[in-house]
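**Q** Before I ask anything, let me first share the structure, which is written out below as structure tokens.
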Amino acid sequence: MFKSVLSIRGGPPVAKREDWPQWPRSFKSTEAAVTGALRSGRWSISGFRRHPGANLERQFAQQFAAFHDAIPTANGTASLTIALQALEIQPGDEVIVPGLVWVAPAVAVLAVNAVPVLVDVDPHTLCLDPAAVDRAITPRTRAIIVVHLYCSMADLDALQAIANHHGIPLIEDCAQTHGSVWNDRRAGTLGSVGIFSLHEGKPLACGEGGIAITNDDELASRMERLRANGRSYRPFTETNTFDLEEVGGVLGTNYAMSELQAALALDSLSRLEAENDLRAANAARLDRSLARLPGITPITRPAPVKRQTYYHYALHLDRSTLADRSISSICRALQSELNFWIHPPYVPLNRNLLYQPQSQPHRWWDDHYRSRIDPCQFHLPAAEHAHQNALVFHHSILLAEDAGMAKIEEAFAKVLGRAEEIPE
Ligand SMILES: *Cc1c(COP(=O)(O)O)cnc(C)c1O
């Protein structure tokens, strides 16, 4: 069926870069939103108030989370940091973090001088493994950060049970999932705090931004002040007053989302549900069609996942049926056909170049603390296996038309059907 030479060996590719949707997306409405924010003369939440309803960051917070208090922030890492601060995580406290994830959760734990305890993932979902969490709990464990990675969800029932049993909070890092549903509840609402990232690559995108949500009024009030140097919103009374009132009670810093980013966030939010539906439909199609190819298993989702959103679309590969080619060479061959980025999951945090606390000799950390945070001491075999036997690509590809999905199917069939021709 596939007569042509693999693209990586000089043959014609299946698809061109122009075949794929752009991300982040910008429409006339996006331009109007930004221009509106620009001309309003109010670019920051600590700007002067013009009239009620002119505050885009408030509008975004309300629209994002009609369900709960939402605190927009500068980025997802800032959201995690204020969550840890609001929960009063102390220096030296242990916080459980999955070993297969973007570095942000571990970095946020270090930012409050606590100890990130790297815990392995479930090999099927690639999310935090409750059994491994159970084994990692010590009398010093003070919180669990659970991440819903790529295109699945962690077992929230099991993790919630562990957190409850030990009387510690669960922080749900939903930086990669904006709208997944566990039983009848949205991701981010099951733990004590849920956080989201609005980085331009994320499914809800505004450039740089984050959100923290909680249904605990006290935590919400503390996080609101923590991200704005101790200030919080006051009700509108008159023009030419500041939106923010100097309340204090916490030592905050400036992690505020700007009004320009809130304008972009509102615009992106208006499309989120429709885009989530399209991505889910295309992912379901690929789960079915690609599973028929040699060596491919789709990612597992626990039964309580009633709605799945997608940050990256991930697949398990059995390389023993693929001529034992390395994951990077398989990714290169697929990428050469499809002309979008296809790559292995994160490098596990116990050997990740971006997570090297020992590169910080100037920090106050003493030798004891340094030895407790040393990433090398953690064993992450499932994360390591995933890094070498799975591949992922960006959610924007799932916004392509049927013809795009057909090209993905064609390219995977072409490359995986002739694995022995893939150059190492
Ligand atoms: C992107 C991401 C973050 C951090 O978000 P930023 O907005 O980049 O700070 C945190 N956790 C996870 C799982 C992420 O993917």
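Laboratory data are not the source of any read-out in this text; all were calculated from the coordinates shown. None of the values given here were measured: they were computed from a predicted structure. As a convention, Cβ positions derive from the backbone with ideal geometry for all residues, glycine included, and neighbour counts pool all protein chains shown.
**Q** Taking the Cα atoms only, what angle lies between the long axis of helix 156-166 and the longest principal axis of the chain, rounded to 10 degrees?
**A** 50
**Q** Considering the options 177, 79, 95, tell which one lies farthest towards the positive end of the dipole of the stretch 28-269, charges being +1 on Lys and Arg and -1 on Asp and Glu at the Cβ, about the Cα centre.
**A** 79
**Q** Tell me, how many Å apart are the Cα centres for the stretch 407-424 and for the stretch 380-403?
**A** 16
**Q** While we're on this one: Taking R0 as 51 Å, what's the FRET efficiency between residue 288 and residue 241 from their Cβ-Cβ distance, rounded to 0.05?
**A** My answer for the efficiency is 0.35.
**Q** Identify the GluC sites (Glu not before Pro) of the stretch 228-330 meeting these criteria: DSSP loop state and at most 11 other C-beta atoms within 10 Å of the C-beta.
**A** Those satisfying the criteria are 238.
**Q** If I take every Cα pair under 8 Å that is 6 or more residues apart in the stretch 28-269, average their sequence separation and divide by the length, what percent do I get for the relative contact order?
**A** This gives 27 percent for the stretch 28-269.
**Q** In addition: Before anything else, pin down the relative contact order of the chain: Cα pairs under 8 Å, at least 6 apart, normalised by residue count, whole percent.
**A** 23
**Q** Please state the shape class of the chain: rounded when a/c is under 1.5, otherwise prolate if a/b exceeds b/c and oblate if not, all from the C-alpha gyration tensor.
**A** oblate
**Q** What is the distance, in nm, between label points placed 7 Å from the Cα along the Cα-to-Cβ direction at residue 215 and at residue 234?
**A** My value for the distance between the label points is 3.2 nm.
**Q** Distance between Cα centroids, the stretch 167-241 to the stretch 265-335: provide it in whole Å.
**A** So the two Cα centres are separated by 27 Å.
**Q** Need the full-extension length gain, residue 39 to residue 166, defined as separation in residues times 0.36 nm minus the C-alpha distance. One decimal, nm.
**A** In short, 40.6 nm is gained.
**Q** Please give the contour-minus-distance gain from residue 134 to residue 363: 0.36 nm per residue of separation, less the Cα-Cα distance, rounded to one decimal in nm.
**A** Contour length minus Cα-Cα distance gives 79.3 nm.
**Q** Report, in degrees rounded to the nearest 10, the 0 to 90 angle that the Cα long axis of helix 402-416 makes with the longest principal axis of the chain.
**A** It is inclined by approximately 50 degrees.
**Q** Moving on. Quick one: how many lysine pairs does the chain have with C-alpha atoms less than 26 Å apart and a gap of 8 or more or different chains? Give me the count, please.
**A** Lysine pairs meeting both conditions in the chain amount to 10.
**Q** Place the peptides 213-226, 190-203 in order of packing, highest mean first, counting for every residue the other Cβ atoms within 10 Å and averaging per peptide.
**A** Packing proxy ranking, top to bottom: 190-203, 213-226.
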